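Engineer: There's a structure below that I have some questions on.
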Amino acid sequence: MLLDHLPALLVAVPLTGAALSFVAGHRRAPHVALVTAAAIVALAVALVARVLDAGPFRYAVGGWTAPLGIDLVADGASALFIVLTAIVGMGVTLYATAYFRTDDETAYGHGLFWTLWLFMWTSLNALFLTGDVFNVYVCLELVGISAVTLVTLSGGAEALRAGARYLYASMLGAMTYLLGVALLYASVGQLDMTILADTLTPDVTAATGLALMIAALVLKTALVPAHFWLPAAHGSAPSPVSAALSSLVVKGSYFVILRLMLYVIPVGYLGGTDVALGVLGSVAIVWGSVQALFQTRIKQLVAYSTVAQVGYLFLVFPLARLGADAFALAVTGVLVHAVSHGLAKAGLFLASGSLMSRFGHDRIDDMRGAARSAPVLTLTVALAGITMMGLPPSGGFGAKWLLVSSALAGGAWWWAAVLVAGGLLAAAYMFRLLAVLLADGDAVLGTPASAPRTEWVPLALAAAAVVLVAAVPLITDLASASNILIRAGVTP
Amino acid sequence: MSEHRHRTRLLPLTAAMLMLGVIGRAILALPTTGDGLAVPMRAGAEASGIPNVITAVLLDFRGYDTLLEIAVLMLATVAVLSLREDPAALSRRIAGGAGPVLGTLTRALAPIMLLVAGHLVLVGSSGPGGAFQGGAVLGAAGILLMLSGYARPAWASRRAVRWVLAVGLIVFIGVALYPLLSGGTLLQYPPENRKDLILLVEALLTLSIGASLVSLFLASASSTEGGGRR
Amino acid sequence: MTSYLIYVAGGALLYALGTYGLLARRHLIHKVISANLMGSGVFLILIGLGNRAEGGPDPVPQAMVLTGIVVTVALTALGLAIIKRYYSATGLTNLDDEPPAGERP
Amino acid sequence: MDTIGSLIPTGMGALRFAVDDIAVPFLALFAFLWLVSGAHAWATTPARERGRLFAYYVPSAIGGVGVAVAADAISFYLCFALMALPAWGLITHTRSAESRRAGAVYLTLTVIGEALLLAALVLMATGGDSLLLSEMRAGAAASPHAALIVALLLGSISLKIGALPFSGILPLSYTYTPAGAASALAGASVKVGALAMIRLLPADAVGADWVSAVMLLGLITAFGAAVMGVLTTTPRAVLGYSSASQMGLVLIAGGVSLGDAGATALAHGAIVAFALHHGLAKSALVLGADVAAHAKGRERTVALCALALPALALVGAPFTSGFVAKYALKDAIHLLHGPVPEAVYALLPLTAIGTAALMLRLFVLIRRETVGDPLPARPPVAPWALVLAATAIATWVWPAEWNRHAIESVVSPDSLWTATWPALVAIAGWQAMRLIPAVVRRLDGVVVPGDVLVGLTALLGRFDDHPRSTQVAATPTSARVERLRTVLTATEGRLLAWTTASTILVLLAVVLVTLALS
């Protein structure tokens, strides 16, 4: 039965695509990537259907179940992230076919974008599926190496500097994570997340190890103050790469934090760490938004918006300790937020990329009048803005609603205040951008470097984010089918 | 102040010391014995008939890690290739070339190294050895050849080089997926041809790893003409 | 019985040393070497702690170290490639994001 | 708890609309005003600017009409936001520095209002398992957070209707907006606040103190906005303050609606009456002022005469829509007892003096106004005439309970006198002012459109080099913004430097470990 092997195929198919696209050469690689992307979308949809139908399931690689082997775990949450990756990935692939079209064989990493991108897709899928804390390390490094290289793809000095910083941050994160795993394993003697969850007992070494792992993942997720590598990396990468980085890569490491904090680690095991993460998340929302407000270059603005939006993801941890209702609402809300931000941010970055190639520069103030000559792109920015601000019926609104409900159900109104204030700040920086685009002005536009047909890709992604409230019931079902909520006693 | 002279900086030093304290405290809190997964692993290796327990862990129990690890290695090669400045880096000659001594020595050593690499692969399933070790020796042979002035052989087109680099991973995935046809899971080799499949994968991996190492070297080496740009 | 502590302590020291280097050294290659030191530190800790098993060392940390080494090699190769390209693009050997040490107050 | 499905209110993910008793008058009003104002805006906007104006006008209109029939919290919030946010583009249409500042103030307050509304809606929804407004409103009274819900709702509504101290939001948003769009904002957009009172404010949920406090706030707004309006210098600003003043009266009705169920029914009638009356009259005034300003000679005289109808309606003169609305409001207040309601009841007629003064001021300003900007065509008269006709008859013929008392007593001398004397007092006062021209000159233009709000932003920007002007809103405080930008980006730059950043990260790891072990 093919359906049983979905977790294996979701890793093997993109990996095969990566290897084949390398062999195919830069002319035929886009075709390999498109075929692979289509296959992944089909597999991801099948996984969602399977999880909704039969609940979470484990896949013992090599026939060896944990603790001997490595188990892949497919549950509602991982299916959701995989399908998000598939949709955004498809969009990025389609967009990239036009973006990287050039006759210069040496441009953009000698046509190796496709291979790197499929490696990244492989590793994200692997990360969402793995149930083993050491395997997480390998997956994280796959993500890290592919992401760093993709950032440097344009070969410019800024991109290389950003890539180097990103690489050092990755190294620091990798070593911290591995140290954490070493300590955790020395104390508990297990690597499988489910077994760990069952066997964790209060212990200094295990707690230290877990805290170090969380710290490393926080770095990879770019939570303030560990966001130092993100704006430069996301801002100077080629636009399809920025889109994938902002919308997917930070979610990869975040997903592991989510599983560790809410599934593996019992509430209160790590003391005040969850509250600390929530506080940092709040700081991120404010600091990222304020910085976004003051950026003069469009992709920097979008990158800082990611710093801010990442903050929301961490509010789930303090909310989760406020009782069962708050827990369920917060987890669902944060899943909705991850999906809606993923779609909207990908659309926003791709649209920014098209604007930049239309204008030939990235200065916001000189993009006056874009609405007249690039209506599709302006509309994309507006739609993405709706999600960022959390206006209905966008996914951002659904997420905000659920998270505020969670805060109120838990009697912690101050987190609700943070959420509401975050919407205000997002409105500020999105309106600043929109005001310029919609203003009257004689924008001097060159001939579009990318084919205009690809401008529909970001529009479709942003539009999907705007109507995402309609998918809240589906996401709720997936959340109920996630091991996090099942373990917490919320059964579908 | 010269940038090579380093002034000790207090804050990073404090951070590093605090980290040392954190590690120290965690380690001292451990009991002096701890088996981890040693016992079930040994039992499992014995049950599946693999003499070397570490090999069993690497290739069998945690074969998935190894698959991804190969992916990491190929990814790194692709990454470095994408960063090369000279599009023809893979087919160029290294500056200087070899004198008569190095030339003769290389010619004599290369076949032996090839032999050693093959041996390492063959013994890999039962003792220390395997694709990485074999690939490392193979790569060293290749680099030695490049250093002594040999370029890529004329028959090896760009496409062929790419195939050599990728074949290990491609075959590994193929073999990993093969059990799916007969109802097994990913990497669950059928017992009857388990040995052959592993040997096939290891051999091709050795080739790819060796080629990767040579590529890494060539992609970052300075080009013949005029050295590195400032 | 506690001979493993020697390796572990050595590993921890290497790790701290590497941390300091990655944080504070300005030269890009120094940072890569420091990261490798951190890696070696973790590997030593892993192997050392794995030796606490009775009846021979625990194979799992050994396998983890083997995998870790390959990953570190990959990271190092990438790091050196980026540094080289960065140097040829800018002529710099540091990230150039802070004033030189001598000018700091 | 067995499923998270039970925690998420049913209907999340669906937008529901319904035409019910409350929706009908508002739907009629909003649809009519947005259409007619749109026609005026279309005719008076140069062709090359139409695209830019209507890019904002159309979404705003869709939201503005949809909100009347929104039946659940999400569609209500959606329409509310859809109407309010694009209005920013209408306000900043002229792209002058003042209009941009007005837009910024408007947007800030609007978004804060949205946030308060969202918080209130979520609170109301967490109580029960429904997102239907009717059920949420009923459930809110029983909620343990009833007081908080009412406070949040009142905050949001106050921002929408321009209650003190936010009265500046209305004149700010009308002053720079093109006439057609301003008519829609003044006539329809503000009335959404009235709709929200009916749809959301729960009856009998909070004590009599709340009722009194809200009524007092409404009364103070009614007077205060009138005073400020008389002291401003443009017709549009006067109209804005007049809106704030009238909405103060609606807020009184809103206060009454917080009381027991009997009072609520009457209060809702009064709110609907006021919405119809003021929406139409104010729209007629805005459009008429535009027509009159661009007319010459006899046409101008005719226009000014026609303009007297909505002006008199606002004052509440006999046989006008204002007469009906005031009656409905009085009936509602009359039902309550206690010092505050009785005081409000007694003072209510005096608000008409303020309104009358405002209208006099408006006519003076319109006559004074010289028109410089050339239009592609003269403002069309037809839309205005339609609104005038509607103003004249709508409240009288609307089939409802709230106009019965007014219709019955329309010819009684007592009520006629009550409705007339405030206007006479205002005219007398106006004449008296002419005796002290020096004082009048000094007071003329003391209030900038936006009053407290502009004062506040100016206070923040007092380090600016710009001289403060009482005639126009200060220009954006770019120097201060620039300084803030420098400080913030420099801080971020220092934080991002590798050694600092990575050290902070390692310290963060140590802190997390410490927290984990504590």
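The values are calculated or read from the model by the stated rules, or taken from the named source; none is laboratory data. For clarity, every value in this text was computed on a predicted model and none was experimentally measured. When we count neighbours, we look across all protein chains shown, and the Cβ atoms used for this are built from the backbone with ideal geometry, even at glycine. Only protein heavy atoms, including side chains, enter the accessible area calculation; ligands, DNA and RNA are left aside. Shrake-Rupley method; radii C 1.70, N 1.55, O 1.52, S 1.80 Å.
Engineer: P(r) tail for chain A, what percent of Cα pairs lie past 30 Å?
Structural biologist: For chain A, the fraction of Cα-Cα distances above 30 Å is 41 percent.
Engineer: Looking at the protein assembly as shown, I'd like the Rg to Rh ratio, where Rg is from alpha-carbon atoms and Rh is Kirkwood's inverse mean 1/r.
Structural biologist: Here the Rg-to-Rh quotient is 1.05.
Engineer: Whole-Hz Karplus ³J(HN,Hα) for the range A:149-155, in order, using 6.51 cos²θ - 1.76 cosθ + 1.60 and θ = phi - 60°, x for Gly and Pro?
Structural biologist: With coefficients 6.51, -1.76 and 1.60, one gets 5, 4, 4, 7, 4, 6, x Hz.
Engineer: Which of the helices in chain B meet the span-like rule: DSSP H, Cα axial reach of 27 Å or more, Kyte-Doolittle mean at least -1.0? Could you put the intermediate results ahead of the total?
Structural biologist: Numbers: long enough: B:63-82 (28 Å, 1.62); B:100-123 (35 Å, 1.75); B:158-181 (34 Å, 1.63); B:194-220 (38 Å, 1.49).
Once both thresholds are applied, what remains is B:63-82, B:100-123, B:158-181, B:194-220.
Engineer: While we're looking at this one, here's another question. Distances over 29 Å make up what percent of all Cα-Cα pairs in chain D? Don't skip to the answer; put the middle values down first.
Structural biologist: Values: 70217 of 133903 pairs.
Within chain D, distances greater than 29 Å cover 52 percent of Cα pairs.
Engineer: Right, here's the next one. At a 1.4 Å probe, what is the % contribution of carbon and sulfur to the accessible area of the range A:269-334? Let's see the in-between values first.
Structural biologist: Details: 840 of 1260 Å².
Carbon-and-sulfur percentage of accessible area, whole number: 67.
Engineer: Stokes-Einstein D for the range B:1-82 at 25 °C, 0.890 mPa s, Kirkwood Rh over Cα pairs, in µm²/s?
Structural biologist: In µm²/s, the coefficient is 139.
Engineer: Counting just the Cα atoms, what span does the range A:1-149 cover along each of its three principal axes? Round to the nearest Å and put the largest first.
Structural biologist: Reported extents, whole Å, longest axis first: 49, 29, 22.
Engineer: Here's something else I'd like to know. At q = 0.13, 0.25 Å⁻¹, what log₁₀ I(q)/I(0) does the range A:113-167 have when each alpha carbon counts as one equal point scatterer in the Debye sum?
Structural biologist: -0.34, -0.89
Engineer: Cross-link candidates for residue A:400: which lysines have Cα within less than 21 Å, leaving aside residues fewer than 8 places away along the same chain?
Structural biologist: Of all the lysines, those that pass the test against residue A:400 - Cα under 21 Å, at least 8 places apart if same chain - are A:251, A:345.
Engineer: Now for a different question. Roughly speaking, to the nearest percent, how much of the range B:7-126's 1.4 Å accessible area is carbon and sulfur? Provide the component values of the computation, followed by the final result.
Structural biologist: Values: 3610 of 5170 Å².
So the carbon and sulfur contribution to the accessible surface is 70 percent.
Engineer: Still on this model: For the range D:510-518, just list the computed ³J(HN,Hα) in residue order, Karplus coefficients 6.51, -1.76 and 1.60, θ = phi - 60°, integers in Hz, with x standing in for Gly and Pro.
Structural biologist: These are the phi-based 3J(HN,Hα) values: 5, 5, 4, 4, 4, 4, 5, 8, 7 Hz.
Engineer: Take chain C, compute every pairwise Cα distance, and split them into 10 Å bins from 0; I just need the percent in each bin.
Structural biologist: 15, 34, 27, 16, 7, 1
Engineer: Rg(Cα) of the range A:229-319 divided by 2.2 N^0.38 Å?
Structural biologist: Compared with the compact-globule rule of thumb, the range A:229-319 sits at 1.18.
Engineer: How many percent of Cα pairs in chain B exceed 23 Å?
Structural biologist: Beyond 23 Å sits 62 percent of the P(r) for chain B.
Engineer: Under a 1.4 angstrom probe, counting protein chains only, how are A:229, D:402, A:413 ranked by accessible area, largest first?
Structural biologist: A:413, D:402, A:229
Engineer: Note down the accessible area of residue C:66, probe 1.4 Å, to the nearest 10 Å².
Structural biologist: Only protein atoms counted, so the area is about 70 Å².
Engineer: Compute the Rg/Rh shape ratio of the range D:1-131: radius of gyration over Kirkwood radius, all on alpha-carbon atoms.
Structural biologist: Radius of gyration relative to Kirkwood radius: 1.07.
Engineer: Same structure, new question: In debye to the nearest 20, how big a dipole does the protein assembly as shown give about its Cα centre with +1 on each Lys and Arg Cβ and -1 on each Asp and Glu Cβ?
Structural biologist: Values: 79 positive and 67 negative charges, 760 e Å.
About 3660 debye.
Engineer: Protein chains only, probe 1.4 Å: how do C:54, A:105 rank by accessible area, largest first?
Structural biologist: Descending order: C:54, A:105.
Engineer: Taking N as the number of residues in the range A:339-492, what is its alpha-carbon radius of gyration divided by 2.2 N^0.38 Å?
Structural biologist: Computed over Cα atoms of the range A:339-492, the ratio equals 1.23.
Engineer: Using the Karplus curve 6.51 cos²θ - 1.76 cosθ + 1.60 with θ = phi - 60°, what ³J(HN,Hα) values do you get for each residue of the range D:202-210, in whole Hz, with x for Gly and Pro?
Structural biologist: x, 7, 6, 9, 10, x, 5, 4, 4
Engineer: By the scheme Lys and Arg +1, Asp and Glu -1, what is the net charge of all other residues having a beta-carbon under 14 Å from that of residue D:305?
Structural biologist: +2
Engineer: Same structure again: What list of whole percents do you get for P(r) of the range D:72-131, with Cα-Cα distances grouped in 10 Å bins up to the one holding the largest distance?
Structural biologist: 22, 40, 23, 11, 3
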